[in-house]
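See structure below.
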Amino acid sequence: MLSIPDIARWFRPVKTALPLLPKFKQHGLNLMPGMFDKNNRNDVEGQAVPIPDEAYFFDNGDCLFLAEGVLFKLHRWILCRDPDSMFRDMFSVPQGPQVMGLDPISISDTRAEFRALCWVLYALPNEIHLQTTREADVQRLVHVAKMSHKYNLPLFETWALKMILLQCEPPLDHLATCTQDVLGQMMALATLCDHPVLLCLVESAWISRLSTGELRCSDALVAGEKHATRKFQGDVYYQLNKQIHSQLSALSPTSARGFSDFGLTDKQLLCLLSGHILLSNFWCRLREDGLPYSTRCNVLKYMHDTACVPTYANIQWPLNTADVLMGLRSARQAVAAQPAPTPFGIPTCIVGHLDILIHKFTSEVANYFLEPSTTT
Ligand SMILES: [Zn+2]
């Protein structure tokens, strides 16, 4: 349950935030002529004059909000439709008419965000239906989900997230073509709403677009650090590591640019180069450590030593050590494709060992580039 201090933090009576005309204060919406002309942005008495929103300023509204200089005159019952709506708490707070009447209540949201909230509250059936099609306004849906979360409108938040997922999944695949800014907003939303499915979709799409060079890794790292998405940061560094490998021939002590093309901070570059060394070490140790005997082996120990171990040692490991995951998968395919070295077929210990390495590496790639996680 939200407390009154919570509400007070989000809503501020406008008289403390934006000085209004005396006439406005004394007579509610009886403002000066021309004040609501959207083109009239001249200052009055040195103060910015608020203008009404084009769509969400209802004459018979009974509450008034101000976002970035735009007034929204709405109906309280609409804002309170969701049983858990924070607006119910807000309107139940005993306040004088100067605060909770038609004096605008200043909010910290952008006008686009608050307009999106108004849209979902007043939307007609055909507008709602469009959100299931390619005609959906995904940017607005993101605003709706964020605002619904902020103002505790769980029914609207759930619906908006469902529509966003629909847009992000096949066949619509909005994340494959949206702007980087929208990707960042989606990541922020998934983190805010604690939505692992959406976060996974965003991260996967972002990494995919990094791998083609369409988007810059440095920007993705900034987003990953901002939202503390450790696995995503690890995957971005992994992409950078592959780029290092492709640019090795261009790097030299006399190179004018060096690593500057990556656009990383000193700390990020250190993480990248440290991880590069650790990955190279990991790749070298694969053969040196050999193949352990385990219960996964389908032959006896002596046959394991004479058949499984040499087979593992003679795997044609890919030379590109920058893409460890690809290398492990290639090795697994190579083992499965070659003639069986034992009467019992392909040694299950080799395939099992490689599967474990692939799984372990996929889940722990961030550990190669970042400080150990503090969470358990
Ligand atoms: Zn074996």
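Every number here is computed from the coordinates shown, using simple stated rules; none is lab data. Bear in mind that the values here come from a model prediction, so they are computed numbers and not experimental data. Here Cβ is always computed from backbone atoms with ideal geometry, including for glycine, and neighbour counts include all displayed protein chains.
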Surrounding net charge for W317, when Lys and Arg each add one and Asp and Glu each subtract one, Cβ distance under 15 Å: +1
Simple spin-label estimate for V197 and R76 in nanometres, 7 Å along Cα-Cβ: 3.7
The range 175-304 - Rg (one decimal) and Dmax (whole number), Cα, Å: 19.1, 59
Spacing of the two label points (7 Å from each Cα toward its C-beta) at D62 and A313, in nm: 8.6
Separation of the R134 and R287 label points, Cα + 7 Å toward Cβ, nm: 5.0
Overall dimensions of the range 284-366 as given by Cα atoms, namely Rg and Dmax in Å: 12.6, 41
Listed pairs K73/K162; K73/K226; K146/K226; K242/K267; K73/K150; K146/K360 exceeding 26 Å between Cα atoms: K73/K162; K73/K226; K146/K360
Amide H contacts of S106 (H built 1.01 Å from N, under 5 Å, at least 5 apart or other chain): R12, V14, L66
